[in-house]
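Down below is the structure, laid out as structure tokens.
The values are calculated or read from the model by the stated rules, or taken from the named source; none is laboratory data. Just so it is clear, the model here is predicted, and its values are computed rather than measured. A quick note on method: Cβ atoms are made from the backbone with ideal geometry, for glycine too, and the neighbour counts reach across all protein chains shown.
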Amino acid sequence: MCLIVFAYNVHPSYRLVLAANRDEFYERPSSSADFWKDYPQVLAGRDLKEGGTWLGITKSGKYAAVTNYRDPSSLKSDSLSRGRLVSSYLTGNQNPDKYLKNISSQVDKYDGFNLLLGDDNNLFVFSSRSDMQKLKPGIYGLSNHLLDTNWPKVARSKKNAESGAE
């Protein structure tokens, strides 16, 4: 189960503090985080099978991450790679809210996902199972369900992040 825990506009010196774990599909080939040769402004790992990524940032301050939404009954055999949602945002020119509005009509092309997108001004979360949310300052957890779902792993990680923020 993937996990992203992040503090947004909580720390006086850092706008975003993020910890993430990608622990699915170990057999899928990937490269470690590095600047991409074809998009030198992007720093991210790379899915070597589909070309996308699960977490990345640009030199201009755009950042994005994705988790799977766990619902085995809704998996599609012809779905597009969810990592492309992240890489398309990072390599494109749209701000996060416009990008999310554009992809919201295309969620049926993907298996379930949660997408975290930000830039210098805003941070949004969007799930293929719920509406786009503009986030306010706080500590959040995102796993394979909706934002801040009270799963033990999410609750424990948020609690640890809160104690570290003090």
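Name the one entry in D97, D131, D120 that is under 17 Å from the mean Cα position of the chain (by Cα), surrounded by 13 or more Cβ atoms within 10 Å (Cβ to Cβ), within 29 Å of K158 (Cβ to Cβ) and of a type in the set (D, E, K, R). Spell out the reasoning first.
Values: D131 fails: surrounded by 13 or more Cβ atoms within 10 Å (Cβ to Cβ); D120 fails: surrounded by 13 or more Cβ atoms within 10 Å (Cβ to Cβ).
Exactly one residue qualifies, and that residue is D97.
Considering only the range 114-166, state which residues are of a type in the set (D, E) and either within 17 Å of V10 (Cβ to Cβ) or modelled with pLDDT under 95 (or both). Spell out how you get there, then give the answer.
Taking the range 114-166 and keeping what is of a type in the set (D, E), we get 119-120, 131, 148, 162, 166.
Scanning the range 114-166 gives D120, D131, D148, E162, E166.
If I filter the range 152-160 for residues that are outside any helix (DSSP H, G or I) and either surrounded by fewer than 19 Cβ atoms within 10 Å (Cβ to Cβ) or among the aromatic types (F, W, Y) (or both), do I get at least one hit? Lay out the reasoning, then the answer.
Restricting attention to the range 152-160, the residues satisfying the condition of being outside any helix (DSSP H, G or I) are none.
No.
Could you say whether any residue in the range 64-75 is farther than 23 Å from W151 by Cα and without any contact (Cβ under 8 Å) to a residue 60 or more places away in the chain? Steps first, please.
At the first step, the residues of the range 64-75 found to be farther than 23 Å from W151 by Cα are none.
No; the residues of the range 64-75 include none that is farther than 23 Å from W151 by Cα and without any contact (Cβ under 8 Å) to a residue 60 or more places away in the chain.
So W36 fits all but one of (1) surrounded by 14 or more Cβ atoms within 10 Å (Cβ to Cβ); (2) of a type outside the set (D, E, K, R); (3) free of Cβ contacts under 8 Å to residues at least 60 places away in the same chain; (4) within 23 Å of V154 (Cα to Cα); what number is the exception?
For W36, the exception is condition (4).
Looking only at residues in the range 11-57 that are among the polar types (S, T, N, Q) and under 14 Å from the mean Cα position of the chain (by Cα), which one is nearest to Y89 (Cα to Cα)?
Step one: of the range 11-57, the residues among the polar types (S, T, N, Q) are 13, 21, 30-32, 41, 53.
From what is left, the residues that are under 14 Å from the mean Cα position of the chain (by Cα) are 21, 53.
Numbers: N21: 21, T53: 11 Å.
Residue satisfying both the conditions and the ranking: T53.
Just the residues that are acidic (D, E), outside any loop (DSSP other than H, G, I, E, B) and over 26 Å from D38 (Cα atoms), please, taken from the range 76-130. Can you show your working first?
Within the range 76-130, the first condition is being acidic (D, E), and the residues that meet it are 78, 97, 108, 111, 119-120.
Cutting the leftovers down to outside any loop (DSSP other than H, G, I, E, B) gives us 97, 108.
Correct list: D108 only.
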